[in-house]
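> There's a structure below that I have some questions on.
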Amino acid sequence: SRQYGREILRPLKPGQKPKWGVLLDMVGDKDLKVNLPADTPPDLMRLTLESAEALGHRAHFGVSRTSIIDDHVPLNVEGVPTVDLIDFDYDYWHTPADTADKLSPDSLQIVGQTALHLVERHLVR
C-alpha cells in the first residue's frame, strides 16, 4: 500500500483519486472483534459503526484507543479516506498454525455484510 500510495495515488490530480477505501484485514477469526483504529477518518468510523448497528453486528465492532500501522495509513496520507476493518487479536497471526481451518464463515459473513452495507448505503452516492 505504501508503493501504491506513492506511485499511483500521489501523481493523480484532484478528482482522479478514489473517494474512499475499505480495508479488510484478519477478519476471519472465530472470535470476531473488529476494532477500528483511533485514526480512522471520523465520518468513516461513524458510518461503519452505523452499518454494523443496522445489521445487528454492532457487538463485533469497537474502536481501538490507539492507531494501527496498517495498509490504510498510506491511503489516508494520500488523501483517500480509508477505514481498516481489522481483528488484531488473532493468536495464529504469522505462525505456521495460521491455516484455513481457523477461518469462520460466520465472521467473514458479518464483516462482508457490514462492508457491503457501508459501501451501498453510505459511500456510493
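The values are calculated or read from the model by the stated rules, or taken from the named source; none is laboratory data. Please read all numbers here as calculations on a predicted model, not as lab measurements. Heads up, the Cβs are rebuilt from the backbone with ideal geometry, glycines too, and the neighbour counts pull from every protein chain shown.
> Could we say that Ala59 is at pLDDT 90 or above, surrounded by fewer than 13 Cβ atoms within 10 Å (Cβ to Cβ) and under 13 Å from the mean Cα position of the chain (by Cα) here?
Here the answer is no, as Ala59 does not meet what is asked.
> Restricting to the stretch 35-56, count the residues that are within 27 Å of Trp93 (Cα to Cα), in contact with a His (Cβ under 9 Å, 6 or more places away or on another chain) and surrounded by fewer than 20 Cβ atoms within 10 Å (Cβ to Cβ).
1
> Can you tell me how many residues within the stretch 83-125 are out of contact with any strand residue (DSSP E or B) (no Cβ under 9 Å at 6 or more places or on another chain) and small (Gly, Ala, Ser)?
The number of residues fulfilling the criteria is 2.
> Let me ask something else. Would you check if Val73 is part of a helix (DSSP H, G or I), buried (at least 17 other Cβ atoms within 10 Å of the Cβ) and not basic (Lys, Arg)?
Spelling it out, Val73 is indeed part of a helix (DSSP H, G or I), buried (at least 17 other Cβ atoms within 10 Å of the Cβ) and not basic (Lys, Arg).
> While we're on this one: Taking the condition part of a strand (DSSP E or B) and out of contact with any Asp or Glu (no Cβ under 7 Å at 6 or more places or on another chain), does Val83 pass?
The answer is yes for Val83.
> Residues of the stretch 18-34 being farther than 11 Å from Ala115 by Cα and either surrounded by fewer than 19 Cβ atoms within 10 Å (Cβ to Cβ) or at pLDDT below 95 (or both), which ones?
Answer for the stretch 18-34, where residues must be farther than 11 Å from Ala115 by Cα and either surrounded by fewer than 19 Cβ atoms within 10 Å (Cβ to Cβ) or at pLDDT below 95 (or both): Pro18, Lys19, Trp20, Asp25, Met26, Val27, Gly28, Asp29, Lys30, Asp31, Lys33.
> Can Val22 be described as touching a residue at least 12 places away in the same chain (Cβ under 8 Å), touching a strand residue (DSSP E or B) at 6+ places or on another chain (Cβ under 7 Å) and part of a loop (DSSP other than H, G, I, E, B)?
Answer is no for this residue.
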